[in-house]
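Engineer: Provided herewith is a single structure, encoded as structure tokens, for subsequent inquiry.
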Amino acid sequence: MATNQNISQALRRVKQLKGRMAELSLRAAGSVSHTKDEAPAFDFTVTRAEIASVRGELVALEAAVAVANATTAIEFEGKTLTLAAAIRQLQEYKAEMAWLSQLRLQSGTFVSREAEYDEATGRHVTRKVETTFVSHLSEQARVAEIDQLRERFAALNDLVESANHRTSVTLS
């Protein structure tokens, strides 16, 4: 593995290593038990050793990225943020956009009919029921908030990606 890489390159390598781990784990699971007369295609012990090697590289690389994220700062909206804080903020922007999108907005008066037993008359009757909803957020305001969050997300994400391309990762 190259030791001279930026965060973006390290993250691509992390993704590759996670894929390799998944592949090797499936291979090991398929070879852990077999009939006495039929050996598996891959040796379980050798595959476990490969998994351990890949895991070691993965942990070291993820730790190095975490250190780089914690020690690299960017400027966003007049504030200095570490990359670690910026990444968390991006996650929060996504969560807030998803939450706003799923809110059920209702306003106005809705009429429905409900059947009930009227003891005075001894019969089932249908009554008209009016329900008035008040919404503390209009559809237009929701769309505007989501658009603003989307713009802030894009601006911050661009800064994070730029920093990822210029910030070196140091493996210890």
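None of the figures in this text is laboratory data; all of them are computed from the coordinates on show. Quantities reported herein were computed from a predicted structural model and do not represent experimental measurements. For neighbour counting, all protein chains shown are included, and Cβ atoms are generated from backbone atoms with ideal geometry for every residue, glycine included.
Engineer: Describe numerically, in nm with one decimal, the distance between label points set 7 Å from Cα along Cα→Cβ at residue 152 and at residue 168.
Structural biologist: 3.5 nm
Engineer: Something else about it: How much FRET efficiency would the formula 1/(1 + (r/R0)^6) give for residue 141 and residue 112, where r is the Cβ-Cβ distance and R0 is 41 Å, rounded to 0.05? Could the numbers behind the result be given before it?
Structural biologist: Numbers: r = 27 Å, r/R0 = 0.66.
Plugging the Cβ-Cβ distance into 1/(1 + (r/R0)^6) gives 0.90.
Engineer: Hey, another quick one. Could you order peptides 81-89, 54-62 by the average number of other Cβ atoms within 10 Å of their residues, highest first? Can you show the working numbers first?
Structural biologist: Working: 81-89: 17.6, 54-62: 15.1.
Ranked from most to least packed, the peptides come out as 81-89, 54-62.
Engineer: Full extension from residue 42 to residue 132: what is 0.36 nm times the residue separation minus their Cα-Cα distance, to one decimal in nm? All intermediate terms of the calculation are to be shown ahead of the outcome.
Structural biologist: Working: separation 90, 0.36 × 90 = 32.40 nm, distance 6.71 nm.
Working it through step by step, the gained length comes to 25.7 nm.
Engineer: Normalising by the residue count of the chain, find the relative contact order in percent from Cα pairs under 8 Å and 6+ residues apart.
Structural biologist: Values: 170 pairs, mean separation 53.0, N = 172.
Across the chain, relative contact order equals 31 percent.
Engineer: So, one more: Given the Cα-Cα distance of residue 124 and residue 35 and 0.36 nm per residue of separation, how much length would full extension add, in nm?
Structural biologist: Net length gain for the segment: 24.9 nm.
Engineer: Once you wrap a convex hull around the alpha carbon atoms of the chain, what is its projected area averaged over all directions, in nm²?
Structural biologist: Working: hull surface 84.6 nm².
For the chain, averaging the hull's shadow over all directions gives 21.2 nm².
Engineer: Long-range amide H contacts for residue 76: which residues qualify at under 5 Å (H placed 1.01 Å from N, peptide plane, sequence gap of 5 or more or a different chain)?
Structural biologist: For residue 76, whose amide H was placed from the backbone, the distant partners under 5 Å are 81.
Engineer: If neighbour count is taken as other Cβ atoms inside 10 Å, put 128, 94 in order from fewest to most. Kindly include the intermediate steps, with their values, before the conclusion.
Structural biologist: Working: 128 8, 94 13.
Result, fewest neighbours first: 128, 94.
Engineer: How long are the semi-axes of the equivalent ellipsoid of region 24-85, taking √(5λ) for every eigenvalue λ of the Cα gyration tensor, in whole Å from largest down? List each step's numbers first, then the result.
Structural biologist: Details: eigenvalues 405, 20, 5 Å².
Three semi-axes, in Å: 45, 10, 5.
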